[in-house]
1. Restricting the first residue to region 279-303 and requiring it to be more than 13 Å from A131 (Cα to Cα), which pairs with a second residue that is outside any helix (DSSP H, G or I) meet a Cβ separation below 8 Å and a spacing of at least six or different chains?
2. Pairs please, first residue from region 72-97 and at pLDDT below 85, second anywhere and outside any loop (DSSP other than H, G, I, E, B) and basic (K, R), Cβ atoms under 9 Å, 6+ apart in sequence or on different chains.
3. Condition check: among the β-branched types (V, I, T), open to solvent by 50 Å² or more (accessible area, probe 1.4 Å) and modelled with pLDDT of 85 or more. Does V133 satisfy that?
4. Condition check: at pLDDT 85 or above and either of a type outside the set (A, V, I, L, M) or open to solvent by 60 Å² or more (accessible area, probe 1.4 Å) (or both). Does I102 satisfy that?
5. Which residue pairs have Cβ atoms under 6 Å apart, sit 6 or more places apart or on different chains, and have a first residue in region 183-204 that is open to solvent by 80 Å² or more (accessible area, probe 1.4 Å) and a second that is part of a helix (DSSP H, G or I) and not small (G, A, S)?
6. Considering each residue of region 145-160, count those that are surrounded by 20 or more Cβ atoms within 10 Å (Cβ to Cβ) and either modelled with pLDDT under 85 or more than 21 Å from S123 (Cβ to Cβ) (or both), and give that number.
7. Does G279 fit the bill of being closer than 20 Å to M146 by Cβ, among the small types (G, A, S) and open to solvent by less than 40 Å² (accessible area, probe 1.4 Å)?
8. Return the residues of region 48-93 that are within 21 Å of I199 (Cβ to Cβ) and over 23 Å from the mean Cα position of the chain (by Cα); say none if nothing qualifies.
Amino acid sequence: MSSFKTLVVDAHPHGIANEKTGTFWTAVMHIFCGIVGAGVLALPHSVAWLGWVGGPFMIIVFWLISCLTSWLLADAYEVNGVENGRYHHAVRNILGQRYGVIVSVFQLANLFLISITFSITGSTAMAAMGALVCGGGACFDSMWKMSCIFGAVEVLLSQVPSLESAWWVSTLGVVTSSIYSTIALALGIKYAGARQGDIRGIQANAVNKVFGVMNALGAIAFAYSFSIILLEIQDTLRQPPKASKTMKPAAIAGISAAFAFYFTVAVVNYSAFGNNVSGFILDAYPGPKWLLVVGYVCILLHMVSAYQVFGQPMFDTIESHIKAFHLKRAQAAADTEAPGKGAEELRRMSAAMQAKHQGAAPVDADPVPRAEGSFLRRMSPAVSERLSRLSATASMYRMSTGFANESVPLNEDHYFLPLWQRLLCRTLYVILTTVVAIVMPFFTDMAGLVGALTFFPLSVFLPIRCWRVLYHPTGAFSALLWFVEISMGIVCVCATVASVRGIILNWTTYKLFAS
């Protein structure tokens, strides 16, 4: 613990000056869009398990906790005069390597499980849309077939070299998620006059009620899980003023806007359908048919784009280790059989990494002449520059798993593996998530599992732990932090057990290739 005393949290009171373009408003937009998404579809069902008192109350509790921990995490961005633009960097630099590995494990699990959840959600939307278009007939109603179609689309889109090359995915996600969430809100308001629901919520035997409540809490946690991208968003902000001073009010504003939206959607839809509300909220409405079709199309398009946002960090991680493997081979070649080839490979990669660490755009030592058989492909400098400007203008943020090999140029530096290698590893990843989605297509349970498994470590424990090491709180505030940690830890452990139980129970009665 003695090493923690050397941490300096205010080395640059006005921040480290930069030429980034992010502002308070771009941060609010990214936070709002990072929170509002597929999670809104399960919230009314979560309220149904908790009832009229417990449901709204827990949505408020998770909102307050998210505001608190986001405020704390924003202070971890700059420590000892170094900016931590990635969550795992901040945790590793403040708490040490062991905690860095822990956060990376949960980041990896979060991205993988969310990719599966998006596959399930997109497939469910396609099946529901098919049923509407066919008038209830048996067409396009098989979930496993829809999952295969969704996976095939993602295989094609995954061949885009990097997220900057697919800047449109952010725009598509923002527009479509806003549309289907607004449709759920508007239809809920229309039918809210039914005044359904009660204080006790869904009635069940004691065991099923307890597990249902716990899974509902996990689904609410899933709806608020965005800490994985907070520091990445903060890294887009212009300084001065100090990034944390901009990020803190932006986080409160973005989370509060998402809370207001969540709360309204959950309450009006529970009022409309009561304890019979569907786990996939648009399924509950009788019409209008055209509006529901629009809603399902928007859900599908959002899932298609969101899968890429969360999939690209996984691709970057996998491909970085393949690059490192090739680097070792090039290094061996430099020492033995082909010194010219290996030395050229090492020289180009070294130049790229040096430029990256100095904060400059990646540069080729030569205008892209490559040694014969070179494994690394540098995007054309002109295209690379245009994409970098586009990314900066849009204040785009990047996620990571924490397990990428950062000793080699990553995809965000516009250095890529050959097409056939990208095609192979990315296709295998999409196939893996698709197979899991086919075998376990249970949206509410999977959403609860993602939230329960990752909310406590990523959104509660690590932000509070980092802040404790930096500021050493005492008294009432320290007691409050301990209470939040302990209570949320218990809730998330119980919710994880409940979600796993729900998946197992559903799987025992699920017929794999049935309609």
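The values are calculated or read from the model by the stated rules, or taken from the named source; none is laboratory data. Note that the coordinates shown come from a computational prediction; the quantities given were computed from them, not determined experimentally. Please note: Cβ atoms are built from the backbone with ideal geometry, for glycine as well, and neighbour counts cover all protein chains shown. Calculation scope for accessible area: heavy atoms of the full protein, side chains included, ligands and nucleic acids excluded. Shrake-Rupley method; radii C 1.70, N 1.55, O 1.52, S 1.80 Å.
1. G279/A42; F280/A42; I281/A42; A284/V277; A284/S278; H302/G37
2. Partner pairs satisfying both residue conditions: N84/R92.
3. no
4. Judged against the criteria, I102 is a match.
5. Between residues of region 183-204 that are open to solvent by 80 Å² or more (accessible area, probe 1.4 Å) and residues that are part of a helix (DSSP H, G or I) and not small (G, A, S), the close pairs are I189/V268; Q196/F273; I199/W52; I199/V53.
6. 1
7. Yes: the conditions hold for G279.
8. If the condition is that a residue be within 21 Å of I199 (Cβ to Cβ) and over 23 Å from the mean Cα position of the chain (by Cα), then A48, W49, L50, G51, W52, V53, G54, G55, P56, F57 are the ones that fit.
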